[in-house]
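**Student:** My structure is below; once you've seen it, I'll send some questions.
Where a number appears in this text, it was derived from the coordinates with a stated rule and is not lab data. For clarity, every value in this text was computed on a predicted model and none was experimentally measured. Positions of Cβ are backbone-derived with ideal geometry, glycine not excepted, and every protein chain shown enters the neighbour counts.
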Amino acid sequence: MKRVRVAVRTDDPITTAGLVNYVQSRPGLTVAGDLASGQADVVVAAFDRLSTNAVATLRELAEYERPIVLVINEIKEVELFTAVECRVVAIVPRAATTNERLATSIQAAAAEGADIPPDLLGRLLEQAEWLHREVLAPNGLTASSLSEREISVLRLIADGLDTGQIARNLSYSERTVKNVISALTSRLHLRNRSHAVAYAMRAGVI
């Protein structure tokens, strides 16, 4: 079985040394080489709390596009979205950390899974529901940042319809269809219609 390559990032050398020794001692895990050269499958980041410096570190790590396992003493509700935005897929409370628990979280992250404690997951879902109810829905948006109108247009583009056919199907003018496409590609920094369709597919809305 291929061993999972693990990069370690913490805010103190003692914790770093402890995690490195842990990874080296576990079958199925190995310490990764240079993170910047793509040699890691998973990043384990450990902090006491999500301070400004810790968040900055997570944002930096997120740029490497590797799943992150976060070991932390304390995390507040308002910080959960920030963690998820930074590619954190597993949260391990430091007080509940055991050898097996951490290994399971790392393996889950490597397999593109997630491991978030039920109480934290419940709080995250509550925040997501609030965001949808109070912010997105009143503005006609979904969690993908696409409006229902934009999703309808993208679905028809994915079906192979041209601008005129989309306009007739949705009872819009062709100018309206073009404006919808132009607005969403500009807002989300998408290159063209195909890129917009791919974005919507990855978001799971078409």
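**Student:** Rounded, prolate or oblate: which fits segment 4-117, taking a ≥ b ≥ c as square roots of the Cα gyration tensor eigenvalues, rounded meaning a/c under 1.5, else prolate when a/b beats b/c? Write down the numbers at each step before the final one.
**Tutor:** On the way: a/c = 1.35, a/b = 1.22, b/c = 1.11.
In terms of gyration-tensor shape, rounded.
**Student:** How far apart, in nm, are the 7 Å Cα→Cβ label points at Thr30 and Thr176?
**Tutor:** Between Thr30 and Thr176, the simple spin-label model gives 5.9 nm.
**Student:** What spacing in nm lies between the two simple spin-label points modelled at Ala158 and Ala111, each 7 Å away from Cα in the Cβ direction?
**Tutor:** Computed distance between label sites Ala158 and Ala111 equals 2.7 nm.
**Student:** Compute the distance in nm between two label points, each set 7 Å from the Cα along the Cα-to-Cβ direction, one at Thr82 and one at Arg101.
**Tutor:** Between Thr82 and Arg101, the label points sit 2.3 nm apart.
**Student:** Roughly speaking, what is the stretch gain from Ser37 to Lys2, that is 0.36 nm per residue apart minus the C-alpha to C-alpha distance, in nm to one decimal?
**Tutor:** Working: separation 35, 0.36 × 35 = 12.60 nm, distance 1.90 nm.
This chain segment gains 10.7 nm when fully extended.
**Student:** Got a sec? How would His189, His195 order by Cβ neighbour count within 10 Å, fewest to most?
**Tutor:** His189, His195
**Student:** Taking +1 at the Cβ of each Lys and Arg and -1 at the Cβ of each Asp and Glu, which of Ala36, Gln24, Ser51 sits farthest along the dipole of segment 1-52 towards its positive end, judged by Cα position relative to the Cα centre?
**Tutor:** Toward the positive end, the furthest listed residue is Gln24.
**Student:** Here's another thing I want to ask about it. Under a 5 Å amide H to amide H cut-off, with H placed in plane at 1.01 Å, what residues pair with Asp41 once short-range neighbours are removed?
**Tutor:** Counting only residues 5 or more places away or on other chains, the set is Arg5, Val6, Ala7.
**Student:** Between Ala17 and Ser145, what length comes free when the chain is fully extended (0.36 nm per residue of separation minus the Cα-Cα distance, one decimal in nm)?
**Tutor:** 42.0 nm
**Student:** Could you list Thr82, Thr98 so that the one with the fewest beta carbons within 10 Å of its beta carbon is first and the one with the most is last?
**Tutor:** Numbers: Thr82 16, Thr98 9.
Ascending Cβ contact count within 10 Å gives the list Thr98, Thr82.
**Student:** From the phi angles alone, apply the Karplus equation (6.51, -1.76, 1.60; θ = phi - 60°) to segment 174-183 and give each ³J(HN,Hα) in whole Hz, x where the residue is Gly or Pro.
**Tutor:** Ordered by residue, 3J(HN,Hα) equals 4, 4, 4, 4, 5, 5, 4, 5, 4, 5 Hz.
**Student:** Kindly list the residues of segment 21-47 that lie in the label zone of Glu60, defined by a backbone N under 15 Å from the point 7 Å along the Cα-to-C-beta vector.
**Tutor:** 35-37, 44-47
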